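The next block holds one structure in the form of structure tokens; read it before the comments.
The values are calculated or read from the model by the stated rules, or taken from the named source; none is laboratory data. None of the values given here were measured: they were computed from a predicted structure. A quick note on method: Cβ atoms are made from the backbone with ideal geometry, for glycine too, and the neighbour counts reach across all protein chains shown. Surface accessibility is based on the protein's heavy atoms, side chains included, excluding ligands, DNA and RNA. Shrake-Rupley method; radii C 1.70, N 1.55, O 1.52, S 1.80 Å.
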Amino acid sequence: TATLAAVLFVGSLFLLLFDNAGARLEAFRNDLRVEVYLESDTAPEQRDRLLAALANAEGVSRVEYVDRDEAMVRFGRWFPDLADVSDHLGGNPLPASIEVYIGGEKGGADVARTLRERFGDVEGVDEIRFDVEWIDRVESMLALARAGGAIVGLATFAVVVFVIASVLRLAVYARRDEVEIMMLVGATPGFVRGPFLFAGFVQGLVATGFALVALESLRRVLLGYGAREAVALPALLFGRGLGVTRIAAVCAVGVFVSLLGAWLAVRRDLGQRLLR
């Protein structure tokens, strides 16, 4: 049970890390945007039509209009040392713009390129800017996190099955005399296999509980350490615990692979005896 709990703990730890990394990358992805800068003489009606067209474009989650005054407020917030630049220039030099946020399943870089091709020459649009390298980087890291989570899950599954099958094979061998006596007095194959399968079920359930409790305890300790030391990494990797769906999945996997390992053990080691 301890061995199985350790294997499940490691697998759940990697699942937690990939979940948190994937959630943070997904947040970055939802913040990916294309900046559509407007010409200074763009009419309000033309601006509203452009807003509607951009909002209905494929791959766009939402749009936000930023007028010149708001652009200057943001500039002052991002660059405090240059907040008074408009006073020296005799006016606000920043253009109005439309921030187009990219969402959906389609690749962010493809959406950005499509928007530039479609709206780049539209009347009222001065320039369309986006960082395609940053968009591609976020998309690649998100895909890597998803693939890594799947690989870790499969590897954990295989290791747990091997561990359970090996342990219960030893249990079958240790009780070989009892098994033979049970068969001599007329025990059915199901009656002989039943206790080993039940033991596998209980081991999987208990080991999963130990693994999840240990994982949550470690997560809380690391978050507390990060809060005391003002370290951002623990909050980044352990900020969110495993959700109900993930916990149920880990429990299901632990019990299932434990039963599978038990079945493989009794099928192989008891098979020849039960067929005599």
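Side notes on the structure shown:
- Residues in region 77-98 that are touching a Phe, Trp or Tyr at 6+ places or on another chain (Cβ under 8 Å) and at pLDDT 70 or above: Leu94, Pro95, Ala96, Ser97, Ile98.
- Arg267 vs. criteria under 26 Å from Ala155 (Cα atoms) and at pLDDT below 75: yes
- Given (1) within 14 Å of Arg33 (Cα to Cα); (2) modelled with pLDDT of 80 or more; (3) open to solvent by less than 40 Å² (accessible area, probe 1.4 Å); (4) in contact with a Gly (Cβ under 9 Å, 6 or more places away or on another chain), number of the condition Val111 does not satisfy: (2)
- Per-region count, region 131-147, residues open to solvent by less than 40 Å² (accessible area, probe 1.4 Å) and modelled with pLDDT of 75 or more: 0
- Any hit, region 158-169, residues being modelled with pLDDT of 75 or more, polar (S, T, N, Q) and assigned to a helix (DSSP H, G or I): no
- Being surrounded by fewer than 16 Cβ atoms within 10 Å (Cβ to Cβ), among the aliphatic types (A, V, I, L, M), touching a Lys or Arg at 6+ places or on another chain (Cβ under 8 Å) and modelled with pLDDT under 80 holds for only one residue in Ala55, Ala23, and it is Ala23.
- Exactly one residue among Arg47, Arg74, Arg29, Arg68 is open to solvent by less than 50 Å² (accessible area, probe 1.4 Å) and at pLDDT 75 or above, and that residue is Arg74.
- Members of region 241-260 that are over 26 Å from Arg169 (Cα atoms), in a helix (DSSP H, G or I) and touching a helix residue (DSSP H, G or I) at 6+ places or on another chain (Cβ under 7 Å): Arg246, Ile247
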